[in-house]
Amino acid sequence: MKKTFELGLDTFGDVTFDASGARLSQAETLRNVVAEGVLADQVGLDFFGIGEHHREDFAVSAPEVVLAAIAGQTTGIRLGSAVTVLSSDDPVRVFQRFSTLDAVSAGRAEVILGRGSFTESFPLFGLELEQYEVLFEEKLNLFTELLKEKPVTWSGETRGALRNQRVFPPTESGSLTTWIGVGGSPQSVVRAAHYGLPLMLAIIGGSPLAFVPLVELYHRALAQFGQPSRPIGEHSPGYVAATDAQAREEMWPHYAAMQERIGRERGWGPVTRERFDHDAGPDGALFVGSPQTVASKIAATAVGLGLSRFDLKYSLGTLSHEKLMTSIELYGTEVAPLVRELVARSQQA
């Protein structure tokens, strides 16, 4: 684990309600996301990530454009995707967009690649879901070649071949920070290790410490592939307010509505307050509560999993921009310093 533990934020650009309960437009939501990213920089956070979606309830379909807008108003925070759905995109264009973001942000770009938990992008871009696995495997293989920033010769089944071609612009540093985002699939963990890429665990249910076997698998696979040690991060939902009770009461109705909406699409059972309270407790995957509660839970998870970074997925359905801004401020000014202190203390023990 790094001596200085990193803390970030992730958002999907959830379309929110205003203070009166009226639904905002996607355009206004996007402007609010920019303001949230700027605040994240002002309160000293390390990373701000934006997920890619192609549906009515999430406003961001082009994260790099929104990140570039944030880059122009910030100086320190690193900016990246959470995640980029590589399966339904072109690896060359993904690299170009993020190397461009890296240039305009003076070296602050990152990309988190994944298959995505939603599939709307496949029919949108004329791709068959039957090719779900091969699309990601081939495109990731090409992307890792592009990361070398040298002439590329590559061929596969899912796009045209490249023959000794350069891709521009290159990064100034010669290296674009690239993570692999995974859920609970051992195959995905081994794939990340095979390519020697950092691992970002998307933990949205159950106990975070249940992922210890996947972390151990990742370390074993890195060693077997002859790869050096790489960072491990975690992405999980959460919300910070002055007290535990306030955080839960403010988050619950918006979280429940979001879960029920997505659950109807996927055949999930109804979400209950009892389950929510359990997941918001010490052993669950929701990081909800006062700054002290959230910080203690992040630190315990970080030590248990050997994390280098924790990203709080702070956007929660229709929860208002104003409340999200308060949560971001508390996360940056109170949670982050306490987490770093607790993690450092654990490292010294």
For the stretch 77-142, with equal point scatterers placed on the C-alpha atoms only and solvent neglected, what are the log10 I(q)/I(0) values from the Debye formula at q = 0.14, 0.15, 0.23 1/Å, to two decimals?
-> -0.43, -0.49, -0.95
Everything considered on the Cα gyration tensor (a ≥ b ≥ c; rounded for a/c under 1.5, else prolate if a/b is larger than b/c, else oblate), the stretch 267-330 must be described as oblate
In whole Å, what three semi-axes, largest first, describe the equivalent ellipsoid of the stretch 211-349 built from its Cα gyration tensor (square root of 5 times each eigenvalue)?
-> 28, 21, 13
What translational diffusion coefficient, in µm²/s and rounded to a whole number, does the Stokes-Einstein relation yield for the stretch 255-302 at 25 °C and a viscosity of 0.890 mPa s, taking the hydrodynamic radius as the Kirkwood radius over Cα pairs?
-> 208
Cα shape, the stretch 66-183, gyration tensor, a/c 1.5 rule = oblate
Scan the chain and hand back the longest stretch that contains none of the trypsin sites (Lys or Arg not before Pro) lying in DSSP loops with at most 14 other Cβ atoms within 10 Å.
-> 167-349
Scan the chain and report its longest stretch carrying no GluC sites (Glu not before Pro) that are both in a DSSP loop and have at most 11 other Cβ atoms within 10 Å.
-> 173-349
The Cα extents of the stretch 2-126 along the principal axes, largest first and rounded to whole Å, are 43, 42, 26
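Per-residue ellipticity at 222 nm for the chain, helices alone: DSSP H runs ≥ 4 residues times -39500 (n - 2.57), over residue total, nearest 500 deg cm²/dmol?
Taken over the chain, the calculation gives -13500 deg cm²/dmol.
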Summarise the long-distance tail of P(r) for the stretch 6-348 by giving the % of C-alpha pairs beyond 31 Å.
-> 30
Please list the non-local residues whose amide H lies under 5 Å from the amide H of Ser61, H modeled 1.01 Å from N, same-chain partners needing a gap of 5 or more.
-> His53
Among all lysine pairs in the chain that are eight or more places apart or on different chains, how many have alpha carbons less than 19 angstrom apart?
-> 6
Give me the distance between the Cα centres of the stretch 307-349 and the stretch 82-117, rounded to whole Å.
-> 24
Mean projected area in nm² (Cα convex hull; one quarter of hull surface) for the stretch 198-291 = 7.4
Angle between the Cα long axis of helix 244-266 and the longest principal axis of the chain, 0 to 90 degrees, nearest 10?
-> 50
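All of the numbers you see were taken from the coordinates with simple rules; none came from a lab. A quick note: this is a predicted structure, and the numbers were derived from the prediction, not measured. Neighbour counts run over all protein chains shown; Cβ positions are idealised from the backbone, glycine included.
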